[in-house]
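What follows is a single structure, written as structure tokens, with notes after it.
The values are calculated or read from the model by the stated rules, or taken from the named source; none is laboratory data. Being a predicted model, the structure only gives us computed values, none of them experimental. Here the Cβ is made from the backbone with ideal geometry for all residues, glycine too, and neighbour counts use every protein chain on show.
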Amino acid sequence: MRGEYGDEDPLRIKKWFKRSYSVPVTIVLFFLLFLYPAWLYVIDWFQYIMVNGLSSADFSFIKALSFILFLMSANISYMVLSKNVSLSRTIEKQDIELQMNDKKFRKFIDDIPNVAIQGFDIHLIVHYWNSASEKMYGYSKEEAIGQKITDLIVPIDNGKELSEMINSAMTYPKFERFNETTFVTKSKRSIPVLSSYSNVLLPGTQLSIFSMEIDLTERKMMEEELIISKDMAEASNIAISKFLANVSHELRTPLNSIIGFSDLLANGYAGHLDEKQGKYAENISASGKHLLSLINDILDLSKAEVGKMELHCEKVNLRLLLLEITESMNISASRKGITITTMIQPDVGIVEADTGKLKQILYNLVGNAIKFSNENGAITIKSRMDQGSLEIEVEDSGIGIKEEDMDKLFKPFSQINSFSQKQYVGTGLGLSLVKKLVEVHGGKTWVRSEYGKFSIFGFSIPLERIE
């Protein structure tokens, strides 16, 4: 073993021991210099006993025993030394791993984007400053580390809050705090941040406080824009409401006069009219009523859009209401040979609801069913109560709706192209108004259809049954 170290590469005895046996040379020398002479002293003592009465055989036995004990002690010493060396190497390996993990962790938090992280002690001296802090506040690591955090980014008026936070961090083992505050950059620009503080006691170091911040500048700007937009929308709603009130008065007043006087003419109150004149008067009245209905729909839709539509709830017998609508719509349905059937479940009774708006919803749905049903067709109105909600469906045996036209339903002034629009005249407001009226009640609408066969329009409104 020693032959590998020649004169051209002289090694001291310490180096030789370390490379040959990996045992500290001082321990080996201690064993050679002190333990072995001690055993020699024991052997001499046994020799003295032999001279004074023990036989040479006994002395040989004792000497052999002493040598065995010497070997055992040497082996034990070697084992202890080996164990100590192994433990030392394990600790050294763990230290290296800890250092590597520490480097990885520091690199990880240093690379976190848009989250500024600083570490400082109880005296506010910065000892950690990540890349996001450099970008957010303008100070480099070299400029920040070793400086007081209050001299860098924390404004003077936040000093008291920071002192209270440090006292809490020293008092409580697990300390965390979140708040919105304002920090300053190197260029003295104030920025709103969401900050988080926590205390960390690292091995072999004093208590450290870590601060993390997220820049809220963009979020604050968005909030301000939303507030401005909200204010503008509210102002616009007020303007629309005033406009609708004026339009409602200005349009309805002359229309009511036209309708009233045309009815008087048609009924002969202004004198006898021949058949042609009577027909003209009826057309004027019908057109005026249609225009008034259209204006009312537009006004109601506009009110619903701006949230100005109000509910006027009262006790209403749903069974009687459905029968009333069926009877009134039978007149126009009979002209096309269409029959209207109602299927009212026994649990449909008296509820608290807005009678006028319920009628408006049903008249629109049944009117559409009549318009788009084929001659000699059938319409069924189904109603039931389901878990505190009124559900009504109007089914027709009409033209149906194509799949690609489904998205156009319930949109204002939108008509589907499944059939000629000249054949089915309308404004496209009916279903959109139905949807808005149902939503005002807190309900929902739906449709199922098969092109060329049938359509089912339904809605549900949360209503509490009274009787």
- Test each condition in (1) of a type in the set (Lys, Arg); (2) surrounded by 13 or more Cβ atoms within 10 Å (Cβ to Cβ); (3) touching a strand residue (DSSP E or B) at 6+ places or on another chain (Cβ under 9 Å) for LYS303 and report the one that comes out false. (3)
- Note on the structure: When segment 150-182 is checked residue by residue, the ones that are touching a Pro at 6+ places or on another chain (Cβ under 7 Å) and surrounded by 14 or more Cβ atoms within 10 Å (Cβ to Cβ) are THR182
- Query: If you go through segment 426-435 one residue at a time, do you hit one that is within 36 Å of the chain's Cα centre (by Cα), more than 19 Å from LYS303 (Cβ to Cβ), among the charged types (D, E, K, R) and modelled with pLDDT of 85 or more?
  - Reply: no
- Task: Starting from residues that are in contact with a helix residue (DSSP H, G or I) (Cβ under 7 Å, 6 or more places away or on another chain) and closer than 18 Å to ASP386 by Cα, keep the ones in segment 313-348 and report whichever is surrounded by the fewest Cβ atoms within 10 Å (Cβ to Cβ).
- Result: THR342
- Task: Would you mention how many residues in segment 129-149 are outside any helix (DSSP H, G or I), of a type in the set (Gly, Ala, Ser) and either surrounded by 21 or more Cβ atoms within 10 Å (Cβ to Cβ) or in contact (Cβ under 8 Å) with a residue 12 or more places away in the chain (or both)?
- Result: 2
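So is VAL126 within 24 Å of ASN114 (Cβ to Cβ), touching a Gly at 6+ places or on another chain (Cβ under 9 Å) and surrounded by 11 or more Cβ atoms within 10 Å (Cβ to Cβ) or not?
Working: within 24 Å of ASN114 (Cβ to Cβ): yes; touching a Gly at 6+ places or on another chain (Cβ under 9 Å): yes; surrounded by 11 or more Cβ atoms within 10 Å (Cβ to Cβ): yes.
So VAL126 fits the description; yes.
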